[in-house]
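The structure under discussion appears below in the form of structure tokens.
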Amino acid sequence: MTTPQQELDRQTDPAAPLLEVEDLEVRFPVHGAGFLRRVVGHVHAVSGVSLRLSERETLGVVGESGCGKSTTGRAILQLVKPTAGSVRFQGQELTKASSSAMQKVRREAGMVFQDPYASLNPKLPVNDIIAEPLKVHKRWRDGGPERVAELLRLVGLSPEHGNRYPHEFSGGQRQRVGIARALALEPRMLVLDEPVSALDVSVQAGVVNLLAELQERLGLSYVFIAHDLSVVRHISDRVAVMYLGRVMETGTREDVYERASHPYTQALLSAAPWADPRQERSRERIVLTGDVPSPVNPPSGCRFRTRCWKAQDLCAQEAPQLVDRGAGHPVACHFPG
Ligand code: SF4
């Protein structure tokens, strides 16, 4: 248990990370049929996830769909309530924060969603969409219209675009509007949940480059959630690879992409295309057999064992901890390398 003094020390320690997630768990109840709709099980969406994010850093969180990466992002911002674990942002524990304390946190930590069309109110012009957080947080009277115009320029749109509605924009432009809205309150951190995966490949690079420019200019920190390994590689300083609700491997971008040690990371990387045609021709593919098991009833021991070609008896008996076993970075595998 943390004492008040330890909590104070952590809040005032300049070397403390901006975001610390420890042993995060998110479980959703599964209800049975019938009138009473009793709870018959739980979806183990996120299990024992620990992450760190420093100032001006980008942490890429990567994995197949259903691996719990988006739920992790939402749980960081308390948009879904964690079942257990700790989320500290700027030294403040968010899992126990009151709604008024979370209101203040939302000025400092925003979110950009995957589908810009679904996350923007189609009935409002873009000016009103971007103005909304300024009004909710009582910043509108203090130069609100000028701030909206500034935000539009910041994301590469013109203030004249402000009178248009979301359907009048392309997908890339709509995502720029979503980013402008997330920046309205001058946050220090953004959780970006698959921010480019709904966009054409041709416009993805423009949005990723914009995010990199904004980070440099505004000193932002990002949790960048994606299933596309090449996008994560492009933007991330550090990377966490998730499978079935757990972090399998984490480290710097070079650790994960050049010295992958977990069989799952190796399989993911072997399936990703290379830009260099010679490397692409000599690429050895590791084909994973079977489907991702149900998160309602995950496998005992290592969650990857039902698809892992290196699995041994121990893998079914004991869940591997995420520790450095000689690879130079943490890996959750009994037999890495
Ligand atoms: S612990 Fe075993 S099953 Fe899991 S990834 Fe390592 S070798 Fe494969």
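For the chain, modelled as a GNM whose springs connect Cα atoms under 10 angstrom apart, the maximal fluctuation among 72, 306, 58 occurs at 306. Per-atom-type breakdown for the range 108-171 gives carbon and sulfur 49% of the accessible area (1.4 Å probe, protein chains only). Remark: C-alpha extents of the range 219-298 on the principal axes read 42, 40, 19 Å, sorted largest to smallest.
Taking all protein chains together and rolling a 1.4 Å probe, residue 31 ends up with roughly 80 Å² accessible.
Taken over the range 76-116, the convex hull of the Cα atoms encloses 85 Å³ per residue. For the chain, the percent of C-alpha pairs falling in each 10 Å distance bin, counted from 0 to the bin holding the largest distance, reads 5, 23, 31, 25, 13, 3, 0.
For the range 185-201, putting each phi into the Karplus relation 6.51 cos²θ - 1.76 cosθ + 1.60 with θ = phi - 60° gives couplings of 9, 6, x, 9, 9, 10, 9, 10, 9, 6, x, 10, 6, 8, 9, 4, 4 Hz, in residue order, rounded to whole numbers and with x for Gly and Pro.
Taking the Cα centre of the chain as origin and assigning +1 to Lys and Arg Cβ atoms and -1 to Asp and Glu Cβ atoms, the resulting dipole is close to 780 debye. Calculated mean residue ellipticity at 222 nm for the chain: -10000 deg cm²/dmol, from DSSP H runs with n ≥ 4 weighted as -39500 (n - 2.57), summed, divided by the residue count and rounded to 500.
Compute the whole-percent fraction of alpha carbon pairs in the range 152-213 spaced more than 19 Å apart. Cα-Cα pairs in the range 152-213 separated by more than 19 Å: 26 percent. Simple point charges give the picture: +1 on the Cβ of Lys and Arg, -1 on the Cβ of Asp and Glu, and for the range 71-158 a dipole about the Cα centre of about 300 debye. Solvent-accessible area of the range 29-105 (1.4 angstrom probe, protein heavy atoms only): carbon and sulfur portion equals 54 percent.
Sites count as exposed loop sites when they are chymotrypsin sites (Phe, Trp or Tyr not before Pro), lie in a DSSP loop, and have at most 14 other Cβ atoms within 10 angstrom; the longest stretch of the chain without one is 36-273. Its relative contact order, with pairs defined as Cα atoms under 8 Å and 6+ residues apart, puts the chain at 19 percent. Between 144, 178, 251, the residue with the greatest mean-square fluctuation in the GNM of the chain (Cα pairs under 10 Å linked by springs) is 144. Overall dimensions of the range 68-211, expressed as equivalent-ellipsoid semi-axes from the Cα gyration tensor (√(5λ), whole Å, largest first), are 26, 19, 12. All distinct Cα pairs of the range 54-129 go into the 1/r average, and the inverse of that average, the Kirkwood radius, is 14.6 Å.
The values are calculated or read from the model by the stated rules, or taken from the named source; none is laboratory data. Just so we're clear, the structure is a prediction, and the values are computed from it rather than from any experiment. Neighbour counts are summed over all protein chains in view; Cβ atoms, including those assigned to glycine, are modelled from backbone coordinates with ideal geometry. Ligands, DNA and RNA are excluded from the accessible area calculation, which covers all protein heavy atoms including side chains. Shrake-Rupley method; radii C 1.70, N 1.55, O 1.52, S 1.80 Å.
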